[in-house]
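This report concerns only the one structure given below.
What follows is calculated from the coordinates using simple rules that are stated; it is not laboratory data. None of these values were measured; they are calculated from a predicted model. Note that each Cβ is placed from the backbone with ideal geometry, even for glycine, and that neighbours are counted across all protein chains shown.
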Amino acid sequence: MLEALKPQPEDQILMLMDQFRADTRADKIDLGVGVYRNSQGVTPVMGAVKSAERQLWESQTTKGYTSLIGDPAFVDAMRDLVIGDAVDPARLAGAASVGGTGAIRLGLDLARLAAPQATVHIPDPSWPNHRAIVAAIGMPMKTFRYFDADENALDMPGMIADLGAVAAGDVVILHGCCHNPTGSDPTPAQWADIVAALSGTGAVVLVDLAYLGLGDGIEADAAATRMLLAGLPEVIVAVSCSKNFGLYRDRAGVVLVSGQSAAQAALVRANLATLNRLSYSFPADHGARLVEMILADAALRAEWTEELSEMRNRINALRRDLAEALRDAAGSDRFAHFGSQRGMFSRLGATPDEVRRLREDHAIYMVGDGRMNIAGLAKEDIPRLARAIAEVCGQ
Ligand code: PMP
């Protein structure tokens, strides 16, 4: 039977990681996989996480099962962090998930249970796994205009036109902040226009929030999600704790869903519990419990907030430094947008051939579409990176 399996395409980013590892050039630069690295080039365990782990080790008396939606205290803590008082909590249901990917999958599975024929609308471009997950679960899919690559800016007229034409009951995926791969997010005024365009359609928004706190701060980064929740009757929010808590491999995430009433929220909760039951019964607890402990304890929360600010400030300083170095190296403002974009990623706007030349001639590794993980860059590498980009892409 197994001979009937089809070969699967290799993940581009993981393939690039392998290529990078095999490269023996000492000055190689990895801008591939989306992980934060500190000034020592390390993706660290955050101090608040270490402290919470120590406390948990001392105090945990059982590893008995939690509930099918995970630890309710974690779900509530994430609700307070992400949503605040934007929606009456009685209208909200949530479930712990296996990272942000699991939250997206859970949110889409929920939508499919409610409306199997719904089309899922994905921004162009987007995180490639959106498309892959939607294809895997067999929902129809369309893209909507998001980014104008020639202008290096959002295509607001295109986006508003496309979103305004979405059918009732369809699902629209939006990145809550720090858009991956472009680093370009709508302004608050543009978000208001997006909410207005969607409000008459009857579409359900799925907000992918994988970088809360890594753009302009927790409150600023949550603002769009809250605006969508306040302005639309039904919203699904898929939250990842991988980057902002540095819990990548512990797989902590949550899906939060606002329904139109408390009764609907109860129905959603029961369906999320069933979906978890059908996949793995109980979502992983360790990372989620650490997050809950950090958010509930004033000292741990202050430590985490400080560490998150340091990460954010480092990313934004790297952005400014890279933009400046490129202005000097290329003698133009063509790359100025790197300084104003937010989150881990920006796109170079390079052709596949230029991306290949950067890799082969300069040992600079980025994804084929020119996506660069700026959060993985070492400050010392910026001058060389800028010179190489100016040489390869500067004409
Ligand atoms: N959404 C986006 C846009 C992402 O970039 C990522 C991580 N690369 C995720 C979701 C999922 O993150 P994880 O499953 O690692 O929590």
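Can you figure out the FRET efficiency of residue 313 with residue 57, using R₀ = 25 Å and their beta-carbon distance, to the nearest 0.05?
Efficiency, from the Cβ-Cβ distance: 0.20.
On average, how much area does the Cα convex hull of the chain cover when viewed from any direction, in nm²? Please list the in-between numbers first.
Numbers: hull surface 82.8 nm².
If I average the Cα hull's projected area over directions, I get 20.7 nm².
Taking the chain as a Gaussian network, where each spring joins two C-alpha atoms under 10 Å apart, which residue of 216, 285, 333 fluctuates the most?
333
Quick one: order 248, 211, 65, 36 by neighbouring beta-carbon count within 10 Å, fewest to most.
Ranking 248, 211, 65, 36 by Cβ neighbours within 10 Å, fewest first, gives 65, 248, 36, 211.
Estimate the FRET efficiency between residue 65 and residue 260 by the formula 1/(1 + (r/R0)^6), using the beta-carbon distance for r and 35 Å for R0, to the nearest 0.05. Display every interim value, and only then the final one.
Working: r = 32 Å, r/R0 = 0.90.
Step by step, r from the Cβ atoms, then E = 0.65.
Would any residue of segment 87-116 have its amide N under 19 Å from a label point 7 Å out along Cα→Cβ of residue 279? List them or say none.
Only 93-116 pass the distance filter.
Which of the pairs 6/28; 63/379; 28/142; 6/243; 28/243; 142/379 have their Cα atoms more than 31 Å apart in this structure? If you can, show how the numbers build up before the last one.
Numbers: 6/28 35 Å; 63/379 43 Å; 28/142 38 Å; 6/243 33 Å; 28/243 24 Å; 142/379 39 Å.
Beyond 31 Å between Cα atoms: 6/28; 63/379; 28/142; 6/243; 142/379.
I need 97, 126, 67 ordered by Cβ neighbour count within 10 Å, fewest first. Kindly include the intermediate steps, with their values, before the conclusion.
On the way: 97 31, 126 21, 67 14.
Ranking 97, 126, 67 by Cβ neighbours within 10 Å, fewest first, gives 67, 126, 97.
Using the Kirkwood formula on the Cα atoms of segment 230-371, what hydrodynamic radius do you get, in angstrom to one decimal?
Working: mean 1/r = 0.0522 Å⁻¹.
Result for segment 230-371 stands at 19.1 Å.
Between segment 183-205 and segment 16-75, how far is it from one alpha carbon centroid to the other, in angstrom?
What the calculation gives is 32 Å, centre to centre.
Along the Cα→Cβ direction, 7 angstrom out, place labels at residue 267 and residue 39. What is the inter-label distance in nm?
Distance between the two pseudo-spin positions: 5.5 nm.
Can you give the Rg to Rh ratio of segment 65-296, both from alpha-carbon atoms, with Rh computed by the Kirkwood formula? Before the final figure, lay out each step's value.
Values: Rg = 16.3 Å, Rh = 17.4 Å.
That ratio is 0.94, to two decimals.
Tell me, in nm to one decimal, what length is gained between residue 199 and residue 4 on full extension, where the rule is 0.36 nm per residue of separation less the Cα-Cα distance?
Numbers: separation 195, 0.36 × 195 = 70.20 nm, distance 4.56 nm.
Length difference between fully extended and current span is 65.6 nm.
Under the classification rounded if a/c is under 1.5, otherwise prolate if a/b is larger than b/c and oblate if not, where does segment 1-60 fall, given a ≥ b ≥ c as square roots of the Cα gyration tensor eigenvalues? Walk me through the numbers on the way to the answer.
Details: a/c = 3.89, a/b = 1.37, b/c = 2.84.
Oblate is the answer for segment 1-60, as a/c is 1.5 or above yet b/c matches or exceeds a/b.
Could you pull out the GluC sites (Glu not before Pro) across segment 4-102 that fall in loop regions by DSSP (anything but H, G, I, E, B) with no more than 11 other Cβ atoms inside 10 Å? Could the numbers behind the result be given before it?
On the way: sites: 10, 53, 58; in loops: 10.
Taking segment 4-102 and a limit of 11 other Cβ atoms within 10 Å, the loop GluC sites (Glu not before Pro) found are 10.
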